[in-house]
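A.B. asks: Questions regarding the structure given below will be posed in turn.
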Amino acid sequence: MLIQRIPPLRDAVHHSGRDDGLFWGSYMNYDKLMEIYDLLYERYGPQHWWPGDGRFEVCVGAILTQNTNWGNVEKAIANLKAADCLTAVKLHGMETSELAELIRPAGYYNIKAARLKSFLDWLFDNYAGDLSGLEKLSSDVLREELLGIKGIGAETADSIVLYGFEKAVFVVDAYTCRILGRHGLIEEGAGYEQVRDFFESNLPTDLKLFNEYHALFVRVGKEYCRPKPRCEGCPLTSLPHEGGA
């Protein structure tokens with residue numbers, strides 16, 4: 001998905017006559033971020049992320065993918081489907097120990113079973129187990145409620161908001177921080193909220209852009225921008241960066 005290059009607030013700032021360093025700093029960040037996006041999209045094309053059959057499966061996957069790779073999550077979800085229990089009602093009524101065994105391939109299965117149960121308890125206590133009751137919430141309110149659930153951190157909450165409910169928030173992960181750090185766009189040790197705000201302040205609030213950008217970061221992070229970087233052949237190698245061969 002190619003994005004028309006219109007930086008946030010550009011027209012409003014132009015018409016107001018404002019021309020200060022804050023605006024131009026934001027414009028430069030926008031231009032750099034869109035250059036990265038364009039290079040990644042040109043190489044990889046659409047990523048069709050997040051994989052999942054429906055909103056509930058996306059929510060479950062977002063919790064299961066904590067500290068593991070997606071291949072392991074797919075195995076755990078396949079177990080849930082094989083047991084014919086991948087619904088809010090069935091998982092809510094299931095013993096935690098039974099759920100843990102089914103999601104064992106995802107790793108940390110006892111912890112993740114407890115986290116899924118916490119999510120489901122919240123869903124049933126507040127919304128009668130019906131995810132459609134969350135649609136009316138703004139992205140900020142939904143995010144805040146999710147963050148109040150034990151075991152749901154910022155990345156998991158944002159993944160649910162963006163991919164499960166199609167509300168425009170930017171999902172930050174280790175790949176995002178590594179790539180931005182090596183390209184000099186964020187400082188070392190920048191926190192999750194700092195990085196999320198960097199994206200949301202410098203890009204238009206666009207659901208499709210946020211969706212695709214995060215997925216492209218995951219792709220290039222897995223293939224090239226690893227803990228030990230493999231810069232040769234990377235679609236971003238033409239940009240100034242720190243890294244290896």
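A.B. asks: Just checking: which of the helices (runs of 4 or more DSSP H) contained wholly in segment 36-102 hold 3 or more residues that are modelled with pLDDT of 95 or more and charged (D, E, K, R)?
C.D. replies: Per the criteria, 70-82.
A.B. asks: Taking only segment 127-152 into account, find how many residues are surrounded by 14 or more Cβ atoms within 10 Å (Cβ to Cβ) and either modelled with pLDDT under 95 or not basic (Lys, Arg) (or both).
C.D. replies: Residues flagged as surrounded by 14 or more Cβ atoms within 10 Å (Cβ to Cβ) and either modelled with pLDDT under 95 or not basic (Lys, Arg) (or both) within segment 127-152 amount to 12.
A.B. asks: Would you pick out the residues in segment 92-106 that are among the small types (Gly, Ala, Ser) and buried (at least 17 other Cβ atoms within 10 Å of the Cβ)?
C.D. replies: Across segment 92-106, the qualifying residues are ALA100, ALA106.
A.B. asks: Kindly establish whether PHE199 is under 26 Å from GLU145 (Cβ atoms), of a type in the set (A, V, I, L, M, F, W, C) and in contact with a Phe, Trp or Tyr (Cβ under 8 Å, 6 or more places away or on another chain).
C.D. replies: Yes; evaluated as a whole, the condition is true for this residue.
A.B. asks: Just checking, does segment 173-180 include any residue being farther than 25 Å from GLY71 by Cα and not acidic (Asp, Glu)?
C.D. replies: yes
A.B. asks: Here's something else I'd like to know. Could you say which residue among LYS117, LYS136, LYS208 is assigned to a helix (DSSP H, G or I), of a type in the set (D, E, K, R) and without any contact (Cβ under 8 Å) to a residue 40 or more places away in the chain?
C.D. replies: Among LYS117, LYS136, LYS208, only LYS117 is assigned to a helix (DSSP H, G or I), of a type in the set (D, E, K, R) and without any contact (Cβ under 8 Å) to a residue 40 or more places away in the chain.
A.B. asks: Can you name the number of the only condition in (1) touching a Lys or Arg at 6+ places or on another chain (Cβ under 9 Å); (2) surrounded by 15 or more Cβ atoms within 10 Å (Cβ to Cβ) that ALA215 fails?
C.D. replies: Here ALA215 meets the rest and fails (1).
A.B. asks: Go through segment 89-111 and give me each residue that's within 23 Å of TRP49 (Cβ to Cβ) and either touching a Gly at 6+ places or on another chain (Cβ under 8 Å) or of a type in the set (A, V, I, L, M, F, W, C) (or both).
C.D. replies: Correct list: ILE103, ALA106.
A.B. asks: Additional query: How many of the residues making up segment 139-161 are in a loop (DSSP other than H, G, I, E, B) and not charged (D, E, K, R)?
C.D. replies: 5
A.B. asks: Among (1) small (Gly, Ala, Ser); (2) under 25 Å from THR68 (Cα atoms); (3) surrounded by fewer than 18 Cβ atoms within 10 Å (Cβ to Cβ), where does GLY233 come up short?
C.D. replies: (2)
A.B. asks: Of GLY189, GLY221, GLY164, which residue is more than 19 Å from GLU35 (Cβ to Cβ) and part of a helix (DSSP H, G or I)?
C.D. replies: Answer to the selection: GLY164.
The values are calculated or read from the model by the stated rules, or taken from the named source; none is laboratory data. It should be emphasised that the depicted structure is a prediction, and the values quoted were computed from it without experimental measurement. When we count neighbours, we look across all protein chains shown, and the Cβ atoms used for this are built from the backbone with ideal geometry, even at glycine.
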